[in-house]
Amino acid sequence: MIDPNSLQHMSAPSPVWRVGRRPNPWDWAPWRYASADTGTFPGRWDSPAPHTYRTTYAATEPQGALLEVLARFRPDASLVAAMTEIVVDEADRALYSTQQAGIVPTEWFAARLLTRASLAGSYLDIAHSETIAGFWGEFAHSAIAEYGLADFDGSALQNANVRPLTQAISARVYRMTNDDDVPSFDGIRFLSRFGADQELWTVFEQPDDTSTSKLLSEIQTMAISEGDHAVAQAMQTLGLTPDED
């Protein structure tokens, strides 16, 4: 039995940042966008059970928020390696040109906003040694036997290929309550896969929430474009370029 009081609690800094869809970038993702097969969303800390709770993700810095959403445009590493071995005939290149990988279309920026807000609540520091130790007894077996990991440790929590494991942890954290049946945690604090210098936050949807989390306040939004300094920096980090057409 995991004692929530033995785990590491944290407060979010102010402000936190997010890149989300217009016009309301902090809204919970509509359930219609969940997987038709599972009724769930694919995020690392999303619920593994269909139509239970949703999450929203935020970052301590704008750079962290941008890296998370722009990373999807990076070309597949194995495909890039394979393409370097292919010799393309120049005539074929002229007749059958393809979209270069790593291009971010202009319309992607037009559909999104960069937003900041104050975020209240208590968050589980999932990367803290006390947290990992506290969860080890419950999740080490599945990490090793089901997902082929060497152990349940910090690297397991960063592994993008074991989403069922991190989602199961999310559900466990979501269910934790104190003696008054109040949730012990409002979400999870974790580190980005794109660099441990980037701090990220998962916020759990609660039954009394409306279209956004009640923990958010002082929300401000701003347009983003490929010409913004923070965007250009994130794209450079990920090896991306804007669409110039």
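Here are some notes:
- Check on Ala156, part of a helix (DSSP H, G or I) and under 19 Å from the mean Cα position of the chain (by Cα): yes
- Filtering the stretch 1-21 to residues that are surrounded by 12 or more Cβ atoms within 10 Å (Cβ to Cβ), over 16 Å from the mean Cα position of the chain (by Cα) and of a type outside the set (Gly, Ala, Ser) leaves Ile2, Pro4, Leu7, Gln8, His9, Met10, Pro13, Pro15.
- Index of the failed condition, Arg72 passing every other in (1) in a loop (DSSP other than H, G, I, E, B); (2) within 13 Å of the chain's Cα centre (by Cα): (1)
- Identity of the residue in the stretch 159-192, hydrophobic (A, V, I, L, M, F, W, C) and part of a loop (DSSP other than H, G, I, E, B), that ends up nearest to the chain's Cα centre (by Cα): Ala160
- Of the criteria (1) surrounded by fewer than 17 Cβ atoms within 10 Å (Cβ to Cβ); (2) at pLDDT 90 or above; (3) under 22 Å from Ile224 (Cα atoms), which one Thr52 fails: (3)
- Candidate set from the stretch 169-206 (those that are touching a residue at least 40 places away in the same chain (Cβ under 8 Å) and among the acidic types (Asp, Glu)); member that is farthest from Met10 (Cα to Cα): Glu205
- In the stretch 48-62, of all residues being under 13 Å from the mean Cα position of the chain (by Cα) and not basic (Lys, Arg), the one that is farthest from Thr212 (Cα to Cα) corresponds to Thr60.
- Scanning the stretch 109-129 for residues that are of a type outside the set (Gly, Ala, Ser) and either in a strand (DSSP E or B) or at pLDDT below 95 (or both) turns up Arg112, Leu113, Leu114, Thr115, Arg116, Leu119, Tyr123, Leu124, Asp125.
Each row is one residue, and each column tells you yes or no for (1) at pLDDT 95 or above; (2) within 24 Å of Ala196 (Cβ to Cβ).
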{"site": "Met1", "(1), (2)": "no, no"}
{"site": "Arg22", "(1), (2)": "yes, no"}
{"site": "Pro30", "(1), (2)": "yes, no"}
{"site": "Thr56", "(1), (2)": "yes, yes"}
{"site": "Ala59", "(1), (2)": "yes, yes"}
{"site": "Pro75", "(1), (2)": "no, yes"}
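The values are calculated or read from the model by the stated rules, or taken from the named source; none is laboratory data. All values derive from a computational prediction rather than experimental measurement. Every residue, glycine as well, gets a Cβ built from its backbone with ideal geometry; the counts of neighbours run over all protein chains shown.
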